[in-house]
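Let me begin by handing over the structure; questions about it come next.
Read-outs: derived from the displayed coordinates by stated rules, not from any lab. Note that the structure is predicted; figures quoted are calculated from it, not measured. Reconstructed Cβ throughout: ideal geometry from the backbone, glycine too, with neighbour counts over all protein chains shown.
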Amino acid sequence: MFNQDYQDKTEPASPRKKEEARKRGYVPLSIELNFAFVLLSFFLVLACLFFPLLSAAKEVFKYNFNKIISPDLSLRSFQSLFYNWSTYFFKIILPLALLPLIPGILSHLLQSNFLLTFKTPFSNRGRFNSSSYQSSGMALRLSRLFSKTTFYEGIKFSLKLVVIGFLGFLLIKDELPNLVTLSDRNPVEFLTFFSSFLFKLGLGVVGVYLIFGIGDYLFQRWQYQKEMRMTREELIRELREEEGSPEIKGAFRDFIR
């Protein structure tokens, strides 16, 4: 039945139907692509600010530790220490938390053609029609649970886990000689190696998400165009609703005369 319905829908979606779908938040969108840009910018920010942040954290820890072991510690000095810790904590955390969000937001806006809405955007969540948004009940929930979309998302998630796990295995295998000698290294060497290891693993995860994200976005666009297609009768009826039927136009002209 659905295959026959898709075969009948041979016309591309009209601007009116696209605008209605856009108002409902139905746009082709890949969450993986957004996350890939967020993760990539996070590791780039971390790589640029790692040593300055580490040096600042070291100085703050040294200063506050000396204050804590001081015999003159009082409630006022303890409040000052807490304020000092909080200030430097936000100086370290905020750049790592906020700056990576900017590329993710830009990616979202570019994919959705700058859709500014607080509604949850649908990406390949079933065919678009007005009745599907009004339906409710257990049958609808079950149909969504066992839908092609759920199957697609499950396969995609499983493949990502397998690929990321395989990359982690290869990285650990390559770094195994260095991992064995970690106990003999000083804290600075240990921290340098550990940060380098995490950076390599992070770049590998970013690459996986970029590949999956690009493929997912292309699939979402194809699915969007497929589900938004219209029959020729629907397109003609919509044009008549916008422009008015020829009979009404003719009657109006006769009335004017």
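In nm, what is the difference between 0.36 nm times the number of residues separating residue 11 and residue 234 and their Cα-Cα distance? Walk me through the intermediate numbers first.
On the way: separation 223, 0.36 × 223 = 80.28 nm, distance 0.92 nm.
My answer for the length gained is 79.4 nm.
Rounded to the nearest 0.05, what FRET efficiency do residue 186 and residue 106 give with R0 = 51 Å and r taken as the Cβ-Cβ distance? Could you check?
Efficiency at R0 = 51 Å is approximately 0.80.
Same structure, new question: Of the listed peptides 153-159, 102-108, what is their order by residue-averaged count of other C-beta atoms within 10 Å, with the highest listed first? Provide the component values of the computation, followed by the final result.
Numbers: 153-159: 12.1, 102-108: 16.6.
Result, highest mean first: 102-108, 153-159.
Here's a follow-up. Which is farthest toward the positive dipole end of segment 165-248 among 231, 176, 165, measuring Cα position about the Cα centre, with Cβ charges +1 (Lys, Arg) and -1 (Asp, Glu)?
176
Something else about it: Just subtract the alpha-carbon distance of residue 211 and residue 172 from 0.36 nm times their residue separation and send over the number in nm, one decimal. Can you show the working numbers first?
Numbers: separation 39, 0.36 × 39 = 14.04 nm, distance 2.22 nm.
Stretched fully, the residue 211-residue 172 segment lengthens by 11.8 nm.
Could the peptides 22-35, 170-183, 198-211 be put in order, highest first, of the mean number of other beta-carbon atoms found within 10 Å of their residues? Mind showing how you got there, number by number?
Working: 22-35: 19.4, 170-183: 10.6, 198-211: 17.2.
Ranked by mean Cβ neighbours within 10 Å, highest first: 22-35, 198-211, 170-183.
Would you pull out the residues with amide H under 5 Å of residue 230's amide H, same chain only if 5 or more places away, H placed 1.01 Å from N?
10, 11, 13
Same structure, new question: Sort 79-92, 212-225 by packing, meaning the average of other beta carbons within 10 Å per residue, with the highest value first. Mind showing how you got there, number by number?
Working: 79-92: 12.8, 212-225: 17.0.
The packing order, highest mean first, is 212-225, 79-92.
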